[in-house]
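Single-structure report; data block below.
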Amino acid sequence: MIKPEKTINGTKWIETIQINAEERATLEDQYGIDEDIIEYVTDNDESTNYVYDINEDDQLFIFLAPYALDKDALRYITQPFGMLLHKGVLFTFNQSNIPEVNTALYSALDNPEVKSVDAFILETLFTVVDSFIPISRGITKKRNNLDKMLNRKTKNSDLVSLSYLQQTLTFLSSAVQTNLSELDRLPKTHFGVGADQDKIDLFEDVQIEGEQVQRMFEIETQVVDRIDHTFNSLANNNLNDTMKFLTIWSLTMAVPTIITGFYGMNVKLPLAGMQYAWMLTLGISVALIVAMLIMLKVWRKM
């Protein structure tokens with residue numbers, strides 16, 4: 001979809017969302033955007049980047065934003081979105097229709113302090129970076145709930161939830177890191193050349209926000225990894241306890257089997273002719289079982 005043209009203090013803004021082949025052709029024919037640029041900026045596998053074409057005087061920004069697979073289960077990945085300055089016109093590409101990107105664009109558009117297209121770009125990046133924070137808080141809440149499960153019996157559903165958190169943290173932590181690296185580099189590129197004080201302040205605001213988000217995700221990743229390690233330790237301990245119980249139980253059951261096995265043979269055995277021989281064998285079995293349990297206790301095997 002190519003939305004109607006808007007203006008940002010005199011600069012045209014062409015917003016695109018999930019464009020199809022016909023709309024790609026329109027961008028090429030009507031606005032003169034190279035096919036390779038369109039392919040690049042709409043590729044869902046692209047990572048954060050900034051490219052300046054000195055020949056065309058084009059500037060291309062690609063950043064990563066959170067994309068919800070299942071908000072209730074806190075399952076997120078990241079998807080790229082692009083902004084292109086081409087021949088004095090700003091084009092934005094949100095091929096995955098990420099709600100956070102749409103919100104960031106219109107928040108920057110409605111901001112009365114945004115007085116240039118450069119400020120619009122930086123304000124958009126600031127809001128996109130800021131959109132990671134509510135997800136981090138949701139992860140913290142979910143992590144606290146899982147942490148409480150350590151004092152109760154762990155269910156498979158808890159382990160699945162923990163796995164989802166780890167996957168989400170992996171995707172988002174990587175995206176936050178790459179975004180921050182590019183934000184740190186941006187002032188040294190053509191986009192930062194000749195920046196006035198307002199623009200420098202915006203650079204600093206975005207970088208500070210990016211660093212804050214990065215620290216939040218680093219802490220969450222470390223804590224969730226510790227919880228995962230604790231879950232694994234508890235599972236291993238429970239398995240060891242179960243195996244120890246089964247081993248002692250099998251040893252206990254082996255004693256009467258051995259005794260009765262001897263007296264089940266079709267040969268003459270000591271005490272076999274006594275009237276209460278079966279009680280004697282039972283008593284021997286019980287005595288041996290008790291002796292074995294005492295020895296295991298003394299040797300600290302129980």
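Quick notes
- When each of 3, 12, 87, 71 is tested for being of a type in the set (Lys, Arg) and surrounded by 14 or more Cβ atoms within 10 Å (Cβ to Cβ), the lone residue that passes is 12.
- Subset tally (residues that are in contact with a helix residue (DSSP H, G or I) (Cβ under 7 Å, 6 or more places away or on another chain) and either on the phi > 0 side of the Ramachandran plot or of a type in the set (Gly, Ala, Ser) (or both)) for region 80-138: 7
- Only one entry of 103, 124 meets the criterion of being surrounded by 20 or more Cβ atoms within 10 Å (Cβ to Cβ), in a helix (DSSP H, G or I), free of Cβ contacts under 8 Å to residues at least 60 places away in the same chain and not acidic (Asp, Glu), and that entry is 124.
- Residue that is in contact with a strand residue (DSSP E or B) (Cβ under 6 Å, 6 or more places away or on another chain), among the acidic types (Asp, Glu), over 27 Å from residue 187 (Cβ atoms) and without any contact (Cβ under 8 Å) to a residue 60 or more places away in the chain, where the choices are 28, 5, 39: 5
- Summed over region 25-42, residues that are more than 14 Å from residue 84 (Cα to Cα) and surrounded by 11 or more Cβ atoms within 10 Å (Cβ to Cβ) total 2.
- Residue in region 118-136 that is within 30 Å of residue 72 (Cβ to Cβ), among the charged types (D, E, K, R) and within 20 Å of the chain's Cα centre (by Cα) present: yes
- Region 174-189 - residue that is without any contact (Cβ under 8 Å) to a residue 60 or more places away in the chain and surrounded by 18 or more Cβ atoms within 10 Å (Cβ to Cβ) and, of those, farthest from residue 52 (Cα to Cα): 176
- Within region 206-227, the set of residues being among the acidic types (Asp, Glu) and either without any contact (Cβ under 8 Å) to a residue 40 or more places away in the chain or touching a helix residue (DSSP H, G or I) at 6+ places or on another chain (Cβ under 6 Å) (or both) comprises 209, 211, 220.
Values quoted throughout were computed directly from the atomic coordinates according to the rules given, and no laboratory measurement underlies them. If you're wondering where the values come from, they're calculated on a predicted model, not measured in any experiment. Methodologically, a virtual Cβ is constructed for each residue, glycine included, from the backbone with ideal geometry; neighbour enumeration extends over all protein chains shown.
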